[in-house]
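To keep things clear, I will list the structure first and then write my remarks on it.
The values are calculated or read from the model by the stated rules, or taken from the named source; none is laboratory data. The model shown is predicted, which means the values in this text are computed figures rather than measured ones. When we count neighbours, we look across all protein chains shown, and the Cβ atoms used for this are built from the backbone with ideal geometry, even at glycine.
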Amino acid sequence: MSNPSQDIIVFGATSFVGQILCQYLFDEFKLSSSLRWAMAGRSLDKLEQLRRSLGSGAENVSLVVANSADEAELRLMVAQARVVISTVGPYALYGELLIKVCAETGTDYCDLTGEAQWIRLMIERYEVSARLSGARIVNCCGFDSIPSDLGVFFLQQESLRRFGVPCTQINMRVRSMRGAISGGTAASLLNVIKEASENLQLRKELANPYSLCLSAQPVMNPGIKATVRQPNISSAQFDNKFKAWVAPFIMSGINTRIVHRSHFLNGYPYGLIFKYDEAVLTGRGWRGALLAFGTSIGLGVFVLASALKPLRIILQRFVLPKPGEGPTQIAQARGFFDLRFLGSTLSGENLQIKVTGDRDPGYGSTAKMLGQAAACLALEISPEMKAGGFWTPATIFGDSLIQRLKAKAGLRFELLP
Ligand SMILES: NC(=O)c1ccc[n+]([C@@H]2O[C@H](COP(=O)([O-])OP(=O)(O)OC[C@H]3O[C@@H](n4cnc5c(N)ncnc54)[C@H](OP(=O)(O)O)[C@@H]3O)[C@@H](O)[C@H]2O)c1
């Protein structure tokens, strides 16, 4: 690869989450030589407006105009970067050409997609080029799925240290969380449900916890595949381990797939019987039960409504945020998340950790996680350490990103007594 002028280019800088990310990069790195970064998008006017809003000194941030449907523009943009971050979503609609260009040109890439069916397609289509060119492609670098993927990684490190063996079962429970969704996230969610409602094969694929365990980086046991039936919390139930009621967690669909892909890429170090699930804790007693049933029913109604075209249009027009909209800065600052991971070894030892964030999960925290993931890729993970291909956050970043997130992104990874 030639010597690019930027370490990171943020493509989709003017998106709701892109703007928060650019402000974070500016506050964190300014325009220092330690990390050179630039902003890209399809509209020069909007990029200039965003640059003016960042604060004094930002006038020197470089701007690149590119449209996600224009391969020549994407190639020109990608040639200027070591790592491209994309926040142009829904990725299933706008993301493929950029992945293709990065995979072919050996440019590293991070994004925020949570669209498992699209990730599978991209791995099938571009992993060979990425391996050949040396491009490291890392999807899911936001709230889905960094806390889950790195939470499992962190817990397993602790388990090995304490017990000498990994946990064969981990249950992740959202203990508490405050945040809201943006127009881009709503559009991505509706697009997945729409595609699935029209395609039986896709519904089967989305129900398969191992759907992303394919065409791996070198696997230690080629040919061996985990097939153990995975737990799946799809309705309200009482959780005996946490002694509380739980409801389904909307992000578990992508998070569990990424955790299993990490396990697969590493050659199944936790054993072929490893089980992982996610749910939301709603509390004890009748209040907890009521909340668990209410959440389950609400989620079911939302999925059903999104699958039916007339109701989907009503949701888009009148209920959900529009593209570019999302939680206010105050709401982001008041937001937080607290995730608990309970691990059990085969011989019955237990270990609990928590992963917390100091901003709303989807935007304030996600922007910081994405920025630090890309910085980690640009500054710390050399091609000699990790070769080209489709990676997960835990398999490519591991402890390096945990340290960055703790030091610079308001996340904590803690072992509980
Ligand atoms: N994993 C997570 O935890 C997480 C968290 C937050 C968001 N997300 C995902 O991140 C994505 C962005 O969300 P958001 O709410 O920030 O979205 P948004 O505000 O709707 O922004 C979408 C962006 O895409 C750009 N765009 C659309 N078509 C384009 C084209 N043809 N060429 C170039 N740019 C184009 C838009 O450009 P303009 O600005 O010029 O209109 C805009 O910047 C979504 O897919 C969402 O699901 C994931």
* the range 384-412, residues that are outside any strand (DSSP E or B) and farther than 19 Å from Asn266 by Cβ -> Gln403, Arg404, Leu405, Lys406, Ala407, Lys408, Ala409, Gly410
* Mind listing whichever residues of the range 79-99 are among the hydrophobic types (A, V, I, L, M, F, W, C), in contact (Cβ under 8 Å) with a residue 40 or more places away in the chain and crowded, with 24+ Cβ neighbours inside 10 Å? => Ala81, Val83, Val84, Ile85, Val88, Leu98
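Looking at Ser159, Ser211, can you tell me which residue is more than 16 Å from the ligand (Cβ to nearest atom), assigned to a loop (DSSP other than H, G, I, E, B), small (Gly, Ala, Ser) and in contact (Cβ under 8 Å) with a residue 24 or more places away in the chain?
Just one listed residue meets the conditions, Ser211.
Would it be correct to say that Ala375 is within 15 Å of the ligand (Cβ to nearest atom) and in a helix (DSSP H, G or I)? It would help to see each step written out before you state the result.
Details: within 15 Å of the ligand (Cβ to nearest atom): no; in a helix (DSSP H, G or I): yes.
When the stated conditions are applied, Ala375 does not pass them.
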* Out of Val165, Val152, sole residue that is farther than 22 Å from Thr356 by Cβ, modelled with pLDDT of 95 or more and either part of a helix (DSSP H, G or I) or not assigned by TED's automatic domain parsing to the domain that holds Asp399 (or both) -> Val165
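So that you can scan it fast, the table gives a plain yes or no per residue for (1) in contact with a His (Cβ under 7 Å, 6 or more places away or on another chain); (2) assigned to a helix (DSSP H, G or I); (3) at pLDDT below 90:
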position: Glu205; (1), (2), (3): no, yes, no
position: Pro218; (1), (2), (3): no, no, yes
position: Ile224; (1), (2), (3): no, no, yes
position: Val228; (1), (2), (3): no, no, no
* Mind checking whether some residue in the range 220-230 is more than 20 Å from Leu342 (Cβ to Cβ) and surrounded by 15 or more Cβ atoms within 10 Å (Cβ to Cβ)? -> yes
* Structure fact -> Exactly one of Ser296, Ser365 is crowded, with 20+ Cβ neighbours inside 10 Å, within 14 Å of the ligand (Cβ to nearest atom), not aliphatic (A, V, I, L, M) and not in a loop (DSSP other than H, G, I, E, B), and that one is Ser365
